[in-house]
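Engineer: One structure follows; several queries about it will come next.
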Amino acid sequence: MSTMDEIEEESRLAAEKMVMNMMQRPGQLEKVEQYKKRITHKKASIEAQLKSAVQGKLDGVRVGLKQLEECLDDVQQISAKMDELEELLKGVPPLVASLQAVREEDSRHSQYVTAMDSLKHIFTVPESVAKTKQWIGEGKLLHAHQCLSDLENSRDDLLYELHRLPNQSSHDKIMLKAYFEDVEMVSNLLEKQIKLILARTLNTVRKEPTVIVTALRIIEREEKRDQMALQQQDQSGFMPPGRPKNWRTKAFEVLECAVAQRVEGTRVDEREDNKLWLIRYLELTRQLILEDLRVVKTLCVPCFPPHYDIVNKYVNMYHTCLSSSLQDIVQNGLEGNEYVTLLSWILNTYPGTELMGSPEVDVDVSTLPPLLSEETMQKLQDEYLQKMESNYMEWMEKTLESERAEWAGERSPDVEPHTRAFHTHAPVIIFQMIDQNLQVTETISKDITFKALLLSIDQVTRFGNMYREGVIQFKNAHFADRSRVAYFTHHMITIVNNSEQMVRLAQQTQARRWPPARHHPPAERSFERLLATFQSLRDEAAQFLLEEAFLDLEEHFDDLFTSKWLTSSIPVDTICVTLEDYFQDYNHLREKNFEYVINEAQNLVYKKYITAMLSKKITFKTVEEAQQAATKIVKEANQIRSFFRRIASNAEGINVDWPFEVISVLAEVSISKI
């Protein structure tokens, strides 16, 4: 009651508040009647809704009570029936014992029915076997298989009935198996015929695809019977003879064997018969695989059941057989360019558009295992690079021997027509050999090309060191007896030119062959060593040239600043004439080398001249003698400078003034001290 009073009080207060809000202005009093009507209508509507809701709830309660009443009646009826059923079940055990004879009679009747159904097959086994053989021979495989299935069903049913008997007779089983012995023989004959068909799948599917379809239908039927036999074994422990046949598994074994034979069949030559045997084998294999996979994709797919996934199966079979064949080839050993042929074929041809990447085949080889393992591929690359290194060493040693033979010969070196420079063909041939090797490795991969480039750089550096040792031996032998080698100067000029050409060709090779944006500090240091080796050899050989010339000038430099020198111009005249004679040969240097020799020659001349000037071999007693000597020094400095200007007239970047200006200054200083 208190709650109702509270609700009523809240309602009254809310109504007062609403009336106060509606009557705030005088003009609203005229609408009092309208407000009353509106509120009256609203009240009636709410009351109607309440009545409807209460009525709906009452109806629901009424229906629920009725359903509960019906359920109660049903439960009572079920309870009564359960009581009756329990009373009836009490009489079942005695009934079972009394019907045992009926059960035994039923079992015998079932066996008789099965025997009657099988009699027609049992009595006609020899005839059915003969007919099945005939149909197999005539190629009517579906008829043959149907007849075989009937024979197997009869045999299996009889054996199953024997299996079910409580007291199984081994004699009966042996007798039945012996009687149906020809059935298994016919099954093997049909299996052999199907294998023969499948072995020729890629040829047969072009002409008679129905033959392939028939064989596959028989295989699938046998697969279903295998599954049924396995289920029966799980349930009863009985397994028919010869089951499971696993013809589908055997079918794939036959297909794989046929693929292996086709791949091996492309190897028609051996190394002893044909040096290009590997190229021919790989090309025939490529053509075979490409054509066979095209046939599989276009003709076999409609014939084989989808779950065979025949395209991927064939791809994997060819891949596996090819991998095995290539492994055999690698194990037997490769020679020469066979490494390049095999590596290039595996890395480029096989996955490329010429084979697996062809639009007709379109196989992503990245989903397959590698043809050869990474270890084998790395071993092949290492062996190839080792053989390349061995070839470099052998060839460069022969080249050095050839160069040495020319040095000891009685013939002047060859002259380049356009430069008149002495040269040999060794630098060009060396870098042609390198370029050819790099062109070959580019057919394999960029990685092995870079490795081959680094190997080539190291081998050329090694050749440079051997070349230097040979040059030093050549120089020492000549200086020990200068009458032995008639063309020492010419050959040393050739060595200078060759060394400079090696540097130039190496730089060209780097510009052409070095991978863009490839930063490899050890490789860069190797290349710098190569350039430094031949640049140093060029400079050293140029020094040997000048060493020979200045050996002839030594006595004339010794005559400088002696009493003989004061009254004679012969020493300097002889020096200039001798140098000019040598420079007639030095004209066969290439321009850059010629400039280097001129610079080195004038440096040696002014150093030896100044050394002689400061050696105090002569003492001037009077100022006049000193002035005369100074005048002579300036004159000889100008004479030597004129000589070098003349021989360097066509050379750029040579300053022939400053060394001899030093001599003139020293002469003036000497005079001023007297």
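Engineer: Carbon-plus-sulfur fraction of the accessible area of the chain, 1.4 Å probe, in percent?
Structural biologist: 54 percent
Engineer: For the stretch 510-550, which trypsin sites (Lys or Arg not before Pro) pass both filters: DSSP loop (anything but H, G, I, E, B) and at most 15 other C-beta atoms within 10 Å?
Structural biologist: When the trypsin sites (Lys or Arg not before Pro) of the stretch 510-550 are filtered for loop state and at most 15 Cβ neighbours within 10 Å, Arg518 remain.
Engineer: If you don't mind, there's one more thing I want to ask. From the cross-link list Lys398/Lys451; Lys57/Lys81; Lys192/Lys224, which pairs have alpha carbons spaced over 30 Å apart?
Structural biologist: Lys57/Lys81
Engineer: Next question. Given the whole protein assembly as supplied and a 1.4 Å probe, what does the accessible area of Cys303 come to in Å², nearest 10?
Structural biologist: Near enough 20 Å² of accessible area.
Engineer: What is the ratio of the Cα radius of gyration of the stretch 433-499 to 2.2 N^0.38 Å, with N the residue count, to two decimals?
Structural biologist: Here the answer is 1.63, to two decimals.
Engineer: Over the stretch 539-645, average the accessible area per residue using a 1.4 Å probe and give it in Å², no decimals.
Structural biologist: 47 Å²
Engineer: Working out 0.36 nm times the residue gap between Gln327 and Thr567, then minus their Cα-Cα distance, what length gain in nm do you get to one decimal?
Structural biologist: 77.5 nm
Engineer: Next up: Taking just the alpha carbons, could you work out the radius of gyration and Dmax for the stretch 290-376, both in angstroms?
Structural biologist: Reported Rg and Dmax, both Å: 14.5, 47.
Engineer: Sticking with this structure for a sec: Provide the three semi-axes, in whole Å and in decreasing order, of the ellipsoid equivalent to the stretch 192-348 as defined by the square roots of 5 times the Cα gyration tensor eigenvalues.
Structural biologist: 38, 18, 13
Engineer: Right, another one. Nearest 10 degrees, 0 to 90: what angle lies between the long axis of helix 247-265 and the longest principal axis of the chain (Cα atoms)?
Structural biologist: 20 degrees
Engineer: Could you please state, rounded to a whole Å, how far the C-alpha centre of the stretch 180-236 is from the C-alpha centre of the stretch 503-557?
Structural biologist: 78 Å
Engineer: With an 8 Å cut-off on Cα pairs and a minimum separation of 6 or more residues, tell me the relative contact order of the chain in percent.
Structural biologist: About 7 percent, as a whole number.
Engineer: With a/c under 1.5 counting as rounded, go ahead and sort the stretch 1-93 into rounded, prolate or oblate using the C-alpha gyration tensor (a ≥ b ≥ c being the square roots of the eigenvalues; past the cut-off, prolate if a/b is larger than b/c, else oblate).
Structural biologist: Here the stretch 1-93 falls in the prolate category.
Engineer: P(r) tail for the stretch 349-469, what percent of Cα pairs lie past 26 Å?
Structural biologist: Distances greater than 26 Å cover 44 percent of the Cα pairs.
Engineer: In degrees between 0 and 90, to the nearest 10, how far off the longest principal axis of the chain does helix 100-123 point, with axes built from Cα atoms?
Structural biologist: Orientation of helix 100-123: about 50 degrees from the principal axis.
Engineer: OK, next. Evaluate E = 1/(1 + (r/R0)^6) for Asp539 and Gln386, where r is the Cβ-Cβ distance and R0 equals 22 Å; express this FRET efficiency to the nearest 0.05.
Structural biologist: 0.05
Engineer: Okay, moving on. Would you be so kind as to identify which of Met393, Val205, Phe488 lies farthest towards the positive end of the dipole of the chain, taking Lys and Arg as +1 and Asp and Glu as -1 on Cβ and the Cα centre as origin?
Structural biologist: Looking along the dipole axis, the top candidate is Val205.
Engineer: Further question on the same structure: Once the whole set of protein chains is in place, how much accessible area is left on Val428, using a 1.4 Å probe, in Å² to the nearest 10?
Structural biologist: The accessible area of Val428 comes to roughly 60 Å².
Engineer: Could you order Met18, Met239 so the one with the most accessible surface comes first? Probe is 1.4 Å.
Structural biologist: Accessible-area ranking of Met18, Met239, largest first: Met18, Met239.
Engineer: Determine which lysines satisfy two conditions relative to Lys51: a Cα distance under 27 Å, and not lying fewer than 8 residues away in the same chain.
Structural biologist: Once the sequence-local lysines are set aside, what remains near Lys51 is Lys36, Lys37, Lys42, Lys43, Lys66.
Engineer: A further question follows. Evaluate Rg over Rh across the chain, taking Cα atoms for both radii and Kirkwood's formula for Rh.
Structural biologist: My calculation puts Rg/Rh at 1.43.
Engineer: As a quick test, which of the pairs Lys475/Lys564; Lys475/Lys592; Lys195/Lys275 have an alpha carbon distance above 30 angstrom in this structure?
Structural biologist: Beyond 30 Å: Lys475/Lys564; Lys195/Lys275.
Engineer: Based on a Kirkwood Rh over C-alpha pairs, give the Stokes-Einstein translational diffusion coefficient of the stretch 215-276 at 25 °C and viscosity 0.890 mPa s in µm²/s.
Structural biologist: 167 µm²/s
Engineer: How much accessible area per residue does the stretch 227-294 have, counting only protein heavy atoms and a probe of 1.4 Å, in square angstrom?
Structural biologist: 56 Å²
Engineer: So what is Rg over Rh here for the stretch 268-330, counting just Cα atoms and using Kirkwood for Rh?
Structural biologist: Taking Rg over the Kirkwood Rh, I get 1.11.
Engineer: So, taking all protein chains as they sit and a 1.4 Å probe, how much accessible area belongs to Thr249, in Å² rounded to tens?
Structural biologist: Approximately 80 Å² for this residue.
Engineer: Give me the percent relative contact order of the stretch 186-253, please, defined on Cα pairs under 8 angstrom at least 6 residues apart.
Structural biologist: 28 percent
Engineer: Given an 8 Å cut-off on Cα distances and at least 6 residues of separation, report the relative contact order of the stretch 247-401 as a percent.
Structural biologist: RCO, the stretch 247-401: 23 percent.
The values are calculated or read from the model by the stated rules, or taken from the named source; none is laboratory data. The structure displayed is predicted, hence computed values, not measured ones. Don't worry about glycine lacking a Cβ; one is built from the backbone with ideal geometry, like all the others, and counts go over all protein chains shown. Areas reflect the complete protein model, heavy atoms only, side chains present, ligands, DNA and RNA absent. Shrake-Rupley method; radii C 1.70, N 1.55, O 1.52, S 1.80 Å.
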